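Peer 1: Sharing a structure with you now.
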Amino acid sequence: MAELRRQRDLITEADIVELRLDSVDDPDVTAALAGRKLPVLVTCRAGWEGGGFEGTEDVRRRILEQALEQGADYVDIEWRANFDELVRKYAGRVVLSAHDFNGVPADLDGQARAMRSTGAGVVKIAVKANRLSDCLTLLDLGRTFGANERAVLIAMGDVGLATRVLAQRFGSAWTYAGGVQDVGQITARKLLEQFRFRSINAATDVYGLVGLPVAHSVSPAMHNAAFTAAGIDAVYLPLPAADADDFITFARGLEMKGASVTIPYKVSLFERVDDADDLVRTIGALNTLKIDGDRWSGRNTDVAGFLQPLHDRGLPLSGRRASILGAGGSARAVAVALASEGARITVHARDEKKAQAVAALVSGSVGRLPPAANSWDLLVNCTPVGMHPRLDQSPVPSSALARGVVYDLIYNPAITRLLRDAATAGCDTIGGLDMLVGQAQAQFEWWTGRRPSSHVMRAAATRRLSEFNADENHLI
Ligand code: NAP
C-alpha cells in the first residue's frame with residue numbers, strides 16, 4: 001500500500017488517478033485514499049475481468065463499498081459482478097465497466113443499453129480492436145449517448161490509439177494513460193506532449209501515418225510538433241492498418257483530412273485514389289494522401305524530400321553519374337527524382353530483374369553490386385543495410401568509396417557506417433534525416449498550405465530517435 005501511495009503521488013499530469021487495489025497484496029481502502037492530492041478512481045479488478053484480485057467476490061464487494069463510503073471520487077464496478085445495490089446506491093460515483101479482451105461483442109449496443117439502464121454515473125466499455133475500423137463501432141456507440149450521460153469508450157490494442165487520443169470525438173468523458181502496453185495504453189507524458197491531448201476536441205482535424213508496422217515511426221512526432229508550432233488544430237496518429245480497405249473505412253469514418261503512407265500500402269492506396277499527379281503515376285506509388293470530402297488525391301513527396309538537401313547544397317546533377325543501391329520503393333522515387341534533374345542513372349541491386357525495372361523507369365542502366373570506385377559522382381543507398389541496430393554494416397566495402405557525394409537514405413543512425421567510411425575516403429556526405437524532414441515538410445505544406453519549419457520537424461525527429469535508441473526494449 002505504501003508503494004501504491006508513493007506512485008499515486010508521483011502523478012501530477014492527470015486529472016484523476018486510478019488506484020488499482022487489485023495490484024497489491026494487502027488492499028486497504030483507508031490507506032489508499034489518505035492524503036490524496038488528486039481525485040481518485042478506485043478499482044479492484046476481479047480476475048475474471050482481467051484483474052489481479054485473488055480474494056472472494058464478497059471481500060471484493062466490501063472493498064468497493066468501503067471506497068464509496070469513504071468518499072472515493074469514483075469507484076469502478078464491473079457490470080458482470082452484479083453488485084446492483086452498490087451501483088444503485090452510489091450511482092453518480094460509479095464507473096460501471098465491461099471489458100472484452102478478444103474482440104468487439106456482437107451485441108455491443110444491447111450491452112451498452114443494459115449498462116446505461118443501471119443509472120451508473122459513467123459507463124466504461126473497453127473492447128479489443130483487431131483492425132483500425134473496429135474503432136468505428138465505438139464511434140457509432142458514442143453518438144447514442146445523451147448529453148447528460150457519461151461514457152468512456154476504449155478500443156484496446158495498438159489499432160485503438162485513436163479512441164484514446166480522440167477521446168472527445170468518441171464521446172468519452174476521460175481516457176486512460178499508463179504503461180500497460182498490451183492493451184495499447186500510452187504514457188500520460190506522450191499523450192499530453194506528443195498528441196496535445198488537452199487541446200484536442202471533437203472537431204480537431206485528423207491525419208496519420210498508415211502502414212504496417214508504424215509503431216516506431218518518427219513521423220507522428222514531426223507532424224504533431226509542426227501542428228503545435230503552427231497553431232493548427234490537428235493531430236497526427238500512427239495507424240497500423242490491417243489492409244488498404246481497413247484504412248479507407250477508418251479514414252472515412254473519422255473524416256480524416258490526409259495521411260502519410262508507408263510500407264506496405266504505397267502501391268495499394270495509389271490504386272484507390274481519385275487522382276494522382278504525374279510523379280505518382282511514373283513511380284507507381286504514393287506516400288501522401290489528401291482527403292477532401294469524398295475526393296482522395298495522392299502525391300509522392302519522397303521525390304521533393306530527396307532533392308531538397310541536394311538543392312540546399314547547390315550540387316549540380318545534370319549529366320552527373322548517379323549510382324543507386326537497391327531497387328525497392330525508395331529507389332524508384334530516387335531514380336525519378338535524379339532523372340528529373342538530368343542525372344545519368346545506374347541501378348545496383350542484388351536482384352537484377354528488380355534493378356532492371358527501376359532502371360527502365362528512367363532509361364538508366366544496371367550495374368554490379370557493389371559499384372566500382374570512381375564509377376559514380378553520386379552514390380545513393382536505398383537499401384536498409386546499416387540501419388539500427390545493425391550499425392556495423394555497410395552496403396559497399398570502403399574500398400569502393402572514392403571522391404563524390406554519398407547520400408544514405410537511412411536516418412537511424414544519423415551517421416551510418418557507409419557515411420563514416422565515405423567521409424574517411426574524402427567524399428561529401430548526406431544523411432537520411434534531411435530527406436525525412438524534407439518529405440514531411442512537403443506533406444504538411446500540401447495539407448495545410450503552410451510550410452513548416454525544418455528546425456521544428458528535425459528537432460522532434462531527433463528527440464524521438466534518441467528516445468527510441470535509449471530504450472533497448474523499444475517500449476516508448
Ligand atoms: P524496400 O522497398 O524494402 O527496398 C529495399 C531494397 O533494399 C530492396 O531492393 C532490397 O532488395 C534491398 N536490400 C535489402 N536488404 C539488402 C541487403 N542485405 N543487401 C542488398 N540489398 C538489400 O525499402 P525502401 O522503402 O526502399 O527503403 C529502403 C531504406 O531507405 C530503408 O532503410 C528506409 O528506412 C530508407 N528510407 C528513408 C527515407 C527518408 O526519408 N530518409 C524514405 C524512404 C526510405 P530485395 O528486393 O532483393 O529484398
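The values are calculated or read from the model by the stated rules, or taken from the named source; none is laboratory data. Remember, it's a predicted structure, so these values are computed and weren't measured experimentally. We place every Cβ from the backbone using ideal geometry, glycine too, and count neighbours over all the protein chains shown. Side chains included, ligands, DNA and RNA excluded: accessible areas come from the protein's heavy atoms. Shrake-Rupley method; radii C 1.70, N 1.55, O 1.52, S 1.80 Å.
Peer 1: Kindly provide the set of residues from region 420-444 that are within 13 Å of the ligand (Cβ to nearest atom), open to solvent by 10 Å² or more (accessible area, probe 1.4 Å) and either over 18 Å from CYS382 (Cβ atoms) or assigned to a helix (DSSP H, G or I) (or both), ordered by number.
Peer 2: LEU433, ASP434, MET435, LEU436, GLN439, GLN441, ALA442
Peer 1: Before we move on, is ILE324 farther than 15 Å from VAL385 by Cβ, touching a Leu at 6+ places or on another chain (Cβ under 8 Å) and within 16 Å of the ligand (Cβ to nearest atom)? Spell out how you get there, then give the answer.
Peer 2: On the way: farther than 15 Å from VAL385 by Cβ: no; touching a Leu at 6+ places or on another chain (Cβ under 8 Å): yes; within 16 Å of the ligand (Cβ to nearest atom): yes.
Criteria not met by ILE324.
Peer 1: Give the residues of region 338-350 that are touching a Gly at 6+ places or on another chain (Cβ under 9 Å) and more than 11 Å from the ligand (Cβ to nearest atom), sorted by residue number. First the steps, then the outcome.
Peer 2: We begin by selecting, within region 338-350, every residue touching a Gly at 6+ places or on another chain (Cβ under 9 Å); these are 338-339, 342-350.
Hits for region 338-350 are LEU338, ALA339, GLY342, ALA343, ARG344, ILE345, THR346.
Peer 1: Further question: Any residue that is among the polar types (S, T, N, Q), out of contact with any Ser or Thr (no Cβ under 8 Å at 6 or more places or on another chain) and open to solvent by 40 Å² or more (accessible area, probe 1.4 Å) - is there at least one of those in region 244-259?
Peer 2: Start the filter on region 244-259 by keeping residues that are among the polar types (S, T, N, Q), which leaves 249.
Going one step further and asking which of them are out of contact with any Ser or Thr (no Cβ under 8 Å at 6 or more places or on another chain), we end up with none.
No: region 244-259 contains no residue that is among the polar types (S, T, N, Q), out of contact with any Ser or Thr (no Cβ under 8 Å at 6 or more places or on another chain) and open to solvent by 40 Å² or more (accessible area, probe 1.4 Å).
Peer 1: Still on this structure: Would it be correct to say that VAL303 is closer than 27 Å to PRO264 by Cα, more than 10 Å from the ligand (Cβ to nearest atom) and hydrophobic (A, V, I, L, M, F, W, C)?
Peer 2: Numbers: closer than 27 Å to PRO264 by Cα: yes; more than 10 Å from the ligand (Cβ to nearest atom): yes; hydrophobic (A, V, I, L, M, F, W, C): yes.
Yes: the conditions hold for VAL303.
Peer 1: State which residue pairs qualify: first residue touching a residue at least 60 places away in the same chain (Cβ under 8 Å) and inside region 331-346, second residue assigned to a loop (DSSP other than H, G, I, E, B) and open to solvent by less than 40 Å² (accessible area, probe 1.4 Å) in any location, beta carbons under 6 Å apart, and separation of 6 or more residues or different chains.
Peer 2: Listed by first residue and then by second, the contacts come to VAL334/CYS382.
Peer 1: Follow-up question, since we're still on this one. Is it the case that region 238-250 has a residue that's closer than 22 Å to ASP140 by Cα, in contact (Cβ under 8 Å) with a residue 24 or more places away in the chain and within 16 Å of the ligand (Cβ to nearest atom)?
Peer 2: Yes, because at least one residue in region 238-250 is closer than 22 Å to ASP140 by Cα, in contact (Cβ under 8 Å) with a residue 24 or more places away in the chain and within 16 Å of the ligand (Cβ to nearest atom).
Peer 1: Determine if region 378-398 includes at least one residue that is crowded, with 17+ Cβ neighbours inside 10 Å, more than 13 Å from the ligand (Cβ to nearest atom) and under 23 Å from THR301 (Cα atoms). First the steps, then the outcome.
Peer 2: Quick first cut of region 378-398, residues crowded, with 17+ Cβ neighbours inside 10 Å only: 378-383, 385-387, 394-396.
Filter once more, keeping what is more than 13 Å from the ligand (Cβ to nearest atom): 378-379.
Applying the additional criterion that residues be under 23 Å from THR301 (Cα atoms) yields 378-379.
Yes; the residues of region 378-398 include at least one that is crowded, with 17+ Cβ neighbours inside 10 Å, more than 13 Å from the ligand (Cβ to nearest atom) and under 23 Å from THR301 (Cα atoms).
Peer 1: While we're here: State yes or no: is VAL406 more than 11 Å from the ligand (Cβ to nearest atom) and open to solvent by less than 10 Å² (accessible area, probe 1.4 Å)? Don't jump to the end; show me each part of the working.
Peer 2: Working: more than 11 Å from the ligand (Cβ to nearest atom): yes; open to solvent by less than 10 Å² (accessible area, probe 1.4 Å): yes.
When the stated conditions are applied, VAL406 passes them.
Peer 1: Let me ask another. Scan (1) open to solvent by 20 Å² or more (accessible area, probe 1.4 Å); (2) within 19 Å of the chain's Cα centre (by Cα) for the single condition ASN148 breaks and write down its number.
Peer 2: (2)
Peer 1: On to the next question. Could you look through region 147-194, keep only residues that are part of a helix (DSSP H, G or I) and among the β-branched types (Val, Ile, Thr), and pick out the one that is modelled with the lowest pLDDT? Before you say what the answer is, go through the steps one by one.
Peer 2: Here is the first cut: in region 147-194, the residues part of a helix (DSSP H, G or I) are 158-165, 181-183, 188-193.
Add one more test, that the residue is among the β-branched types (Val, Ile, Thr), and what stays is 159, 163, 165, 183.
Details: VAL159: 97, THR163: 98, VAL165: 98, VAL183: 92.
That would be VAL183.
Peer 1: Within region 36-142, considering only strands (runs of 3 or more DSSP E) that don't extend past its boundaries, which have at least 1 residues that are under 30 Å from GLY208 (Cβ atoms) and open to solvent by less than 40 Å² (accessible area, probe 1.4 Å)?
Peer 2: Values: elements: 40-43, 74-78, 94-100, 122-128.
Strands (runs of 3 or more DSSP E) meeting the threshold: 40-43, 94-100, 122-128.
Peer 1: Just a yes or no: is a residue in region 305-315 within 22 Å of the chain's Cα centre (by Cα), open to solvent by less than 60 Å² (accessible area, probe 1.4 Å) and modelled with pLDDT of 95 or more? Even if it seems obvious, please write down each step before you answer.
Peer 2: First, the residues of region 305-315 that are within 22 Å of the chain's Cα centre (by Cα): 305.
Cutting the leftovers down to open to solvent by less than 60 Å² (accessible area, probe 1.4 Å) gives us 305.
Still in the list and also modelled with pLDDT of 95 or more: 305.
Yes: one or more hits.
Peer 1: On to the next question. Could you list all residues from region 38-90 that are among the β-branched types (Val, Ile, Thr) and under 35 Å from the mean Cα position of the chain (by Cα)? Lay out the reasoning, then the answer.
Peer 2: Here is the first cut: in region 38-90, the ones among the β-branched types (Val, Ile, Thr) are 40, 42-43, 56, 59, 63, 75, 77, 87.
VAL40, VAL42, THR43, VAL75, ILE77, listed by residue number.
Peer 1: Looking at region 351-371 only, could you name the residues that are out of contact with any helix residue (DSSP H, G or I) (no Cβ under 7 Å at 6 or more places or on another chain) and within 13 Å of the ligand (Cβ to nearest atom)?
Peer 2: Going residue by residue through region 351-371, those that are out of contact with any helix residue (DSSP H, G or I) (no Cβ under 7 Å at 6 or more places or on another chain) are 351-357, 359-360, 363, 367-369.
Those that are out of contact with any helix residue (DSSP H, G or I) (no Cβ under 7 Å at 6 or more places or on another chain) and within 13 Å of the ligand (Cβ to nearest atom): ASP351, GLU352, LYS353, LYS354, ALA355, GLN356, ALA357, ALA359, ARG368, LEU369.
Peer 1: Limited to region 267-289, what total is found for residues that are modelled with pLDDT of 95 or more, within 17 Å of ASP246 (Cα to Cα) and open to solvent by 40 Å² or more (accessible area, probe 1.4 Å)?
Peer 2: 3
Conditions tested, residue by residue: (1) of a type in the set (Gly, Ala, Ser); (2) under 26 Å from VAL334 (Cβ atoms).
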| position | (1), (2) |
| --- | --- |
| VAL214 | no, yes |
| ALA225 | yes, no |
| VAL235 | no, no |
| ASP245 | no, no |
| LEU254 | no, no |
| TYR265 | no, yes |
| GLU271 | no, yes |
| LEU279 | no, yes |
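Peer 1: Report, ordered by the first and then the second residue, all pairs with beta carbons closer than 6 Å, sequence separation of six or more or different chains, a first member in region 379-407 that is closer than 11 Å to ASP421 by Cβ, and a second member that is near the ligand (Cβ under 10 Å from one of its atoms) and open to solvent by 70 Å² or more (accessible area, probe 1.4 Å).
Peer 2: Pairs found: GLY386/GLN393.
Peer 1: For region 343-363, which residues satisfy the criterion of being closer than 17 Å to GLY284 by Cα and surrounded by 15 or more Cβ atoms within 10 Å (Cβ to Cβ)?
Peer 2: Once the filter is applied, which keeps residues that are closer than 17 Å to GLY284 by Cα and surrounded by 15 or more Cβ atoms within 10 Å (Cβ to Cβ), region 343-363 yields LYS354, ALA355, GLN356, ALA357, VAL358, ALA359, LEU361, VAL362.
Peer 1: Next question, about the same structure. Please go through region 257-276 and give me each residue that is closer than 22 Å to ILE186 by Cα and either of a type in the set (Ser, Thr, Tyr) or more than 14 Å from the chain's Cα centre (by Cα) (or both), ordered by number. First the steps, then the outcome.
Peer 2: Our first condition is that a residue be closer than 22 Å to ILE186 by Cα; within region 257-276, this holds for 259-260.
The answer is SER260, and nothing else.
Peer 1: Which condition breaks for THR416 when tested against (1) surrounded by fewer than 23 Cβ atoms within 10 Å (Cβ to Cβ); (2) within 13 Å of the ligand (Cβ to nearest atom)?
Peer 2: (1)
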